[in-house]
Amino acid sequence: MEKIKLIDEKGKRIDGRGAKDLRPIKIKVHPLNRADGSCYIEWGTNKVIASVYGPKEAQPKHLQDPLRAIVRCNYDMASFSVDERKRPGPDRRSSEISKVIGEALENAVLTNLFPRTMIEVNIEVLEADAGTRCTGLTAAGIALADAGIPMRDIPAACAGGKVDGKIVVDLRKEEDQAGDADLPIAILPRTKEILLMQMDGDLSEKEFYELLDLLADACINISEMQKKALLDRYKQEEDVEEDKETEGKKTENKEIKKEEEE
Amino acid sequence: MEKIKLIDEKGKRIDGRGAKDLRPIKIKVHPLNRADGSCYIEWGTNKVIASVYGPKEAQPKHLQDPLRAIVRCNYDMASFSVDERKRPGPDRRSSEISKVIGEALENAVLTNLFPRTMIEVNIEVLEADAGTRCTGLTAAGIALADAGIPMRDIPAACAGGKVDGKIVVDLRKEEDQAGDADLPIAILPRTKEILLMQMDGDLSEKEFYELLDLLADACINISEMQKKALLDRYKQEEDVEEDKETEGKKTENKEIKKEEEE
Amino acid sequence: MEKIKLIDEKGKRIDGRGAKDLRPIKIKVHPLNRADGSCYIEWGTNKVIASVYGPKEAQPKHLQDPLRAIVRCNYDMASFSVDERKRPGPDRRSSEISKVIGEALENAVLTNLFPRTMIEVNIEVLEADAGTRCTGLTAAGIALADAGIPMRDIPAACAGGKVDGKIVVDLRKEEDQAGDADLPIAILPRTKEILLMQMDGDLSEKEFYELLDLLADACINISEMQKKALLDRYKQEEDVEEDKETEGKKTENKEIKKEEEE
Amino acid sequence: MSKSVVSAIRKDYLYKLAQDGKRMDDRKFDEYRKITIEPGVITHAEGSARVRLGKTEVCAGVKLELGEPYADSPNSGVLITNSELLPLASPDFERGPPRENAIELSRVVDRGIRESGMIDFEKLCIEPGEKVWKVFVDLYVLDHNGNLFDACALAGLAALCTAKIPFERFGLGKDVPLPLATSPPISCTHVKFNGALMADPSLDEELIADARLTIALDEKSHFRAIQKGEAGSFTLDEVKEITKMAQSNVEKIRNIFKKAVKR
Amino acid sequence: MSKSVVSAIRKDYLYKLAQDGKRMDDRKFDEYRKITIEPGVITHAEGSARVRLGKTEVCAGVKLELGEPYADSPNSGVLITNSELLPLASPDFERGPPRENAIELSRVVDRGIRESGMIDFEKLCIEPGEKVWKVFVDLYVLDHNGNLFDACALAGLAALCTAKIPFERFGLGKDVPLPLATSPPISCTHVKFNGALMADPSLDEELIADARLTIALDEKSHFRAIQKGEAGSFTLDEVKEITKMAQSNVEKIRNIFKKAVKR
Amino acid sequence: MSKSVVSAIRKDYLYKLAQDGKRMDDRKFDEYRKITIEPGVITHAEGSARVRLGKTEVCAGVKLELGEPYADSPNSGVLITNSELLPLASPDFERGPPRENAIELSRVVDRGIRESGMIDFEKLCIEPGEKVWKVFVDLYVLDHNGNLFDACALAGLAALCTAKIPFERFGLGKDVPLPLATSPPISCTHVKFNGALMADPSLDEELIADARLTIALDEKSHFRAIQKGEAGSFTLDEVKEITKMAQSNVEKIRNIFKKAVKR
């Protein structure tokens, strides 16, 4: 297979981004009704939805921790989220990702406030284009806040790597597959503590720390977007949401009526 | 594939039946010893055996309903009951059928008499030739009665459909496969309430109600056979069964003895 | 396939053994640290390790016997223990062997001393060359003793069969595959009670009892080896083991130091 | 559908409302909640659709893979319909293999597609007996607020109507639309509780329902599929009343559907 | 076999009876219950038989499918034996994957068939290394009243003896009988409790048994298979006593078997 | 890794020791336990090794089988890494399908081998798109006393370094050594508790750890793999301190490894 050129002469990446540029990110807070908190993120072509239930009684009982809440994460990819159909249900990859995301979130949550309970985080990847664990973790952070779960800080995540010999953040699929290294991290933005870190590929010590710095900055940018999205939601919540409900009802009736008239 | 002619010029079906005729039905009440109630039915080529255990303590406990008994049905097809070997054990089809039969039976049973208990109905299809869910449900109704479970009425079931454009009851395999519609129902004969109804294919509104009427009549015929079989069993129970036992013992001894003499 | 000649003119088997000769057996008591008792055996090319945990509370609780301990055995073959890779995890063969070994061991253990508990025996076959169930049972007997579980006697096991028309003990793989019969047994050496017996192939009544006799003798030989291995272990236990520990520590430091100096 | 417990108070309240001819969200007994169908939402899927039915939300995706046909229909493509009751969607949904409810849901939607004659399965055969297209319709329930049967059926049908055969991905030429033969039957679900019959049950209504009846009707208003559920029973008259409700709603829903998928 | 608990009273009663040389159903220690073998009961199966052993009842069916041989025996057909302890048959049998007991039962019956040399596996090869007949023997336990080992073995053997190779179903010509080489070994099961040895245990006897011993003998009275079960032990003398019981019963059972299958 | 509960007393004791710069077994914070690598222990395996890391013991075996390549890499052999946390090795390991911990362990070791470029996968292709060698690395944990990540990684690498391609077993010619391209990266695992950072955690240290960090470095001291675990966090400075520990230990371990496998 011929190697694709991923960085052009001007230092631009295949989608025109510079080394430190993130893909476009759209955040929707509380898109779901049943869940206690939820968040939908479009991050480049990634489409991920996260929901939070809890704190609720931990079941089965032997899982209960008498001193704190446990955080359990279910990361799942929809069968149609990738080119070749993925068999529905958990596999080894999703089990590992569920574990490392769950551990990262547990660090952020003030678990000692809710002994013997469980906080359940569900992440569903509807469309995947590299970086779904970071997208999912970022969405889960917002969903936890939306559910009113007290946290030290809202965690944010971003992956980076090495492409055509150059250190860049937020790899897209082509960069992930043809690149020389992949390093996803999650941090608490305020203290820059690292909650999640995985890596494979090949990075010199210098490159590794350079990339870590870029990723910390990227996470802080993402953190700003998270806060803005939550703030917008809080502002709109009381007035607008109620209007929507009523309007929804009206539109619905109108639509049905219109259909009837046709 | 060439379409088979399923109704001849005289309006007769491939096995000589008219539109409203049922296949031959043989019922044996209480063929099994361990079960609290049981029934074996040969319905055309279908061979189905049903057993009932209970009411017994519902296990696991979280299934218990403090106000009534739950009815759980296991419908299963033997691996050799069809042409191509079926993998033993439950599959999606048997799960759905177990669910709809269980719901239908629950309607008939006076569940409020036995709070916190479970009534277990097991249906095994030893040989299949279309209509096994109706055969199984009909057998289960008898097995429940045989087990002494109080019911509002004994449910009876029959399927019907459309074959070569004609509405007929009790489809056999060729009619089911080449036919235009399949409609299995179960009713309580006394009130004609519908307990089970599924359908696929293509029926006009007129055809649908015409078939529903025929099926209700068929179910009432079947109900008569159910009652007759139970009555015969009750009559024979005390005297004959005991004789059989003794005779069985004698024959057995004789047989072994005869073998010894040979 | 041509039949291999398994017994030569002088009555010797393919590895030079006579009919009653066992393959070389090496026993190591307590090779593992976590387990309460353990044993590693090399028996011909077979390499088997057994560990014992317990008596501990039987879980789940419905397994508890109010009058005695239950003995549960997990026999497992490593994926690389045979020529064609075996899928890891239990299969039907290992389930059956686990059952019969567990039953045999339960007979030896004074289970009435530990009501409501479970004694867990784990047998891992690292390399297999016919006779692994007997090797495993023999190792498990030692591991039980090593764990201090009181027994009526330490069970010993050996298989035998018929090869080129001749009765022999301790079949190796070629003899097992091309032979005419295979008969594994386990006994309590003191009383010669039979705890495990399985057989397939073809043996006349005379051959069967002749083989049973040879196997009882073989088991008694194996029993002597078991006792010797345990005795050696008890003798060395206090002094030598502690020395080893200290030495191990020293060697370790030396090794690391040596590495540093290189 | 769900094991959520509705409090006795809410149950009494819904009974009382029903006696006055009312429902909790002010709908009439035969009235559907707002339906939104958004096709083509997933780029990686061969076809996809997001359907909202009131606050219930389902995302359906279609994927095609090459595989072997069934022995008894060597010239036909294969349909596999699966529904995932994601823990995301309800506190009552758990991880793990599908339960009875999910299986019934999948199979009813599957029969709805299969028996409708909507997909021309013979055109999905590449080499008789050897190689055919397998069509996977996967239904992901994102928000469960009642009537998953209708939401999933609509989502599955809409995803199929916008699906292509991915010849390109398999190096077999250019993609073409999935060959669809007819306008599909539309399914309407109803519940009965305390004697009252209602279309498009909300979750609370579902939870107290004695019986459920789903009817799928085609453009000629023929019956194409029926599924009765739960332990309650229906009289013949009740079946007739439900049929009338369905006939009127099917027409409206079909219009919404056609506009959305532009077929 | 079963986890049913026999009351202490019944246990004492059985012990006492045994001390007087008696059994609950008046049989002698070495006496079998009545055996009925009804072959050919299932039309759709390639071979089938219903066996009653006292009140224990088993239905066996044989199906043949085409498949690949095992890598280490490319010229041989394949045998797969499976037993289903149906919840129908006993309150102690549960749905779900087979437990240890069902697995042991399947494997013992399987070895009984396989090692008997009864099936001529080489004649089941169609294309070496590529295509052979796979013979499935499925044992469905319908009523469990003790001694499933013997009932299942007889049912499996009888079903095989009446089985055909379904060439027609696969469009390969006319059906022919399954090629069987010899008269099969017959297996007899015995239990020991409180020192007493008994043939053909009833369920109650099985439940209190310390140990179980199954022996299969061929026409020359050679040992062809043995399986010891349960935590109790046997002395050499007890094995000899059981062998004698088996030798006399095997002959009688073989006659019943031959009459039933007409081989 | 394990769910064993360390008593509060032992936890306090370890905390106190750490404050004084000490560990329970007298090691320095950056010091590994004794490493023993014994390759070639299993005759039936294509490659094998037994590794002891203090009292932790792992047996790794490599098997090769023929199979199909993945659709997206038709010219490459396939690697499958699996770890078995045997109930033999710890009272906390249970039978049954692998849990989250075993899966994480397998996947981290697998990535370590895969991403190292150690195996020349293209040389494992026999017929592009049709037939390639599948390399199974199975890690059997025999004694669990902490730091399974490093013990398993070493055992897997050592087993591979002594592995052959079993052409003979498949009748394809003479066996040849598995084609290995480079000296593999070596992974070092560290834990943090109560602010202290330690290499090669013993089981007790693992059980009270807040966070875990595994780093694999190659001969140029490049980062080749990282895995952070547990709910605790690391600061950038802590990552740097751990990197230094790893750099020094990797060199020593690589020497032990090279001597053992003679590569």
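Every number here is computed from the coordinates shown, using simple stated rules; none is lab data. Quick caveat, the model's predicted, so the values are computed rather than measured. Please note: Cβ atoms are built from the backbone with ideal geometry, for glycine as well, and neighbour counts cover all protein chains shown.
Placing the label point 7 Å from Cα along the Cα-to-Cβ direction, what are the distances from F:Asp72 to the equivalent spots in the other copies, shortest first, in nm to one decimal?
For F:Asp72, the inter-copy label distances come out at 3.7, 3.7 nm.
Report, for E:Leu236, each distance to the same residue's label point in the other copies, shortest first and in nm; define the point 7 Å along Cα→Cβ.
So the distances to the same position in the other copies read 8.2, 8.2 nm.
If you take each beta carbon of peptide B:62-69 and count the beta carbons of other chains within 10 angstrom, what is the mean? It would help to have the intermediate numbers written out before the result.
On the way: counts 1, 0, 0, 0, 0, 0, 1, 0.
Partner Cβ neighbours, averaged per residue: 0.
If a paramagnetic tag sat 7 Å from the Cα of E:Lys244 along the Cα-Cβ line, which residues of the stretch C:161-205 would have the backbone N under 20 Å from that point?
Only C:194, C:204-205 pass the distance filter.
What do you get for the angle between helix E:8-19 and the principal long axis of chain E? Use alpha-carbon atoms, 0 to 90 degrees, nearest ten.
90
Nearest 0.05, what FRET efficiency do D:Ile9 and B:Lys20 give at R0 = 41 Å with Cβ-Cβ as r? Walk me through the intermediate numbers first.
Numbers: r = 50 Å, r/R0 = 1.23.
With a Förster radius of 41 Å, E is 0.20.
Between A:Asp217 and D:Lys123, what is the label-to-label distance in nm when each label sits 7 Å out along the Cα-to-Cβ direction?
In this crude spin-label approximation the distance works out to 5.4 nm.
Along Cα→Cβ, 7 Å out, is where each label goes; now give me the distance between the ones at E:Val176 and C:His62 in nm to one decimal.
5.1
Calculate, for A:Lys227 and F:Ser221, the FRET efficiency according to 1/(1 + (r/R0)^6) with r their C-beta to C-beta distance and R0 41 Å; round to the nearest 0.05.
Values: r = 39 Å, r/R0 = 0.95.
Rounded to the nearest 0.05, the efficiency is 0.55.
Taking springs between alpha-carbon atoms closer than 10 angstrom, which of F:Arg114, F:Arg99, F:Arg50 fluctuates most in the Gaussian network model of chain F?
Maximum fluctuation in the GNM of chain F, among the listed residues, is at F:Arg99.
Relative contact order of the stretch F:8-260, please, whole-number percent, based on alpha carbon pairs below 8 angstrom and at least 6 residues apart. Show your work: numbers first, answer last.
Values: 531 pairs, mean separation 52.7, N = 253.
Reported relative contact order: 21 percent.
Give the span of the stretch D:49-92's Cα atoms along each principal axis, as three whole-Å numbers ordered largest to smallest.
For the stretch D:49-92, the Cα spread along each principal axis is 42, 21, 16 Å.
Can you list the HN-Hα couplings for the stretch E:194-201, worked out from phi with the Karplus curve (6.51, -1.76, 1.60; θ = phi - 60°), rounded to whole Hz and with x for Gly and Pro?
Result, ordered by residue: 6, x, 8, 10, 9, 8, 6, x Hz.
Hey, what's the Kirkwood Rh for the stretch D:93-155 if you take every pair of different alpha carbons, in angstrom?
Details: mean 1/r = 0.0726 Å⁻¹.
This gives a value of 13.8 Å.
When only Cα pairs under 8 Å and 6 or more residues apart are kept, what is the percent relative contact order across chain B? It would help to have the intermediate numbers written out before the result.
Working: 518 pairs, mean separation 49.4, N = 262.
Contact order relative to length: 19 percent.
How big is the protein assembly as shown along each principal axis, measuring the range of its Cα positions in Å and listing the largest first?
103, 94, 60
To one decimal place, what orientation-averaged projected area in nm² is obtained for the convex hull of the Cα set of chain F? Intermediate results must be reported in sequence, preceding the final value.
On the way: hull surface 57.6 nm².
Average projection, Cα convex hull of chain F: 14.4 nm².
Return the FRET efficiency for the residue pair F:Lys262, D:Phe167: r is the Cβ-Cβ distance, R0 is 51 Å, and the value is rounded to the nearest 0.05.
Working from the Cβ atoms, E equals 0.45.
According to a simple spin-label model (label point 7 Å from Cα along Cα-to-Cβ), what is the distance in nm between C:Asp153 and A:Asn33?
7.5
Find the chain F residue whose Cβ sits closest to the rotation axis that carries F onto E, and give that distance in whole Å.
Looking at chain F's Cβ atoms against the axis toward E, the nearest is F:Pro97, 7.
Can you run phi through the Karplus equation (6.51, -1.76, 1.60; θ = phi - 60°) for the stretch D:65-73 and list ³J(HN,Hα) in whole Hz, with x for Gly and Pro?
Calculated HN-Hα couplings, in order: 10, 8, x, 8, x, 5, 4, 8, 8 Hz.
Taking H as built 1.01 Å from N, whose amide H comes closer than 5 Å to the amide H of F:Glu84, not counting residues under 5 places away?
F:Leu139, F:Tyr140, F:Val141
Count, for each residue of F:154-166, the Cβ atoms from other chains sitting within 10 Å of its Cβ, then give me the mean as a whole number. Before the final figure, lay out each step's value.
Details: counts 0, 0, 0, 0, 0, 1, 0, 0, 0, 0, 0, 0, 1.
What the average comes to for F:154-166 is 0.
For the stretch C:25-237, report the convex hull volume of the alpha-carbon atoms normalised per residue, in Å³, without decimals.
Numbers: hull volume 26.6 nm³, N = 213.
So the per-residue Cα hull volume is 125 Å³.
Please identify the DSSP H helices in chain B that span no less than 15 Å along the helix axis (Cα) and have a mean Kyte-Doolittle hydropathy of 0.5 or more.
Those that pass (Cα extent of 15 Å or more, hydropathy at least 0.5) are B:132-146.
Output, in nm with one decimal and in ascending order, the distances from the F:Thr43 label point to the matching label points of the other copies (7 Å from Cα along Cα-to-Cβ).
List, nearest first: 5.9, 5.9 nm.
In degrees, nearest 10, range 0 to 90: what is the angle between the Cα axis of helix E:100-115 and the longest Cα principal axis of chain E?
Helix E:100-115 sits at roughly 60 degrees to that axis.
Show log10 I(q)/I(0) for the stretch E:120-196 at q = 0.11, 0.19, 0.20, 0.28 Å⁻¹, two decimals, from a solvent-free Debye sum over equal Cα scatterers.
The Cα Debye sum returns log10 ratios of -0.44, -0.94, -1.00, -1.38.
Between F:Glu168, F:Glu46, F:Glu230, where does the largest GNM mean-square fluctuation fall for chain F, given springs only between Cα atoms within less than 10 Å?
F:Glu168
Can you give me the relative contact order of the stretch A:43-98 as a percent, contacts being Cα pairs under 8 Å and 6 or more apart? It would help to have the intermediate numbers written out before the result.
Values: 25 pairs, mean separation 13.9, N = 56.
Dividing the mean separation by the residue count of the stretch A:43-98 yields 25 percent.
Can you give the direction-averaged projected area of the convex hull of the alpha-carbon atoms in the stretch C:169-240, in nm²? Could the numbers behind the result be given before it?
Numbers: hull surface 25.3 nm².
Value for the stretch C:169-240: 6.3 nm².
Against the longest alpha carbon principal axis of chain E, how many degrees, from 0 to 90 and to the nearest 10, is the axis of helix E:236-261 turned?
50
What are the extents of the Cα atoms of the stretch F:159-263 along their three principal axes, listed from largest to smallest and rounded to whole Å?
58, 27, 20 Å, listed from the longest principal axis down.
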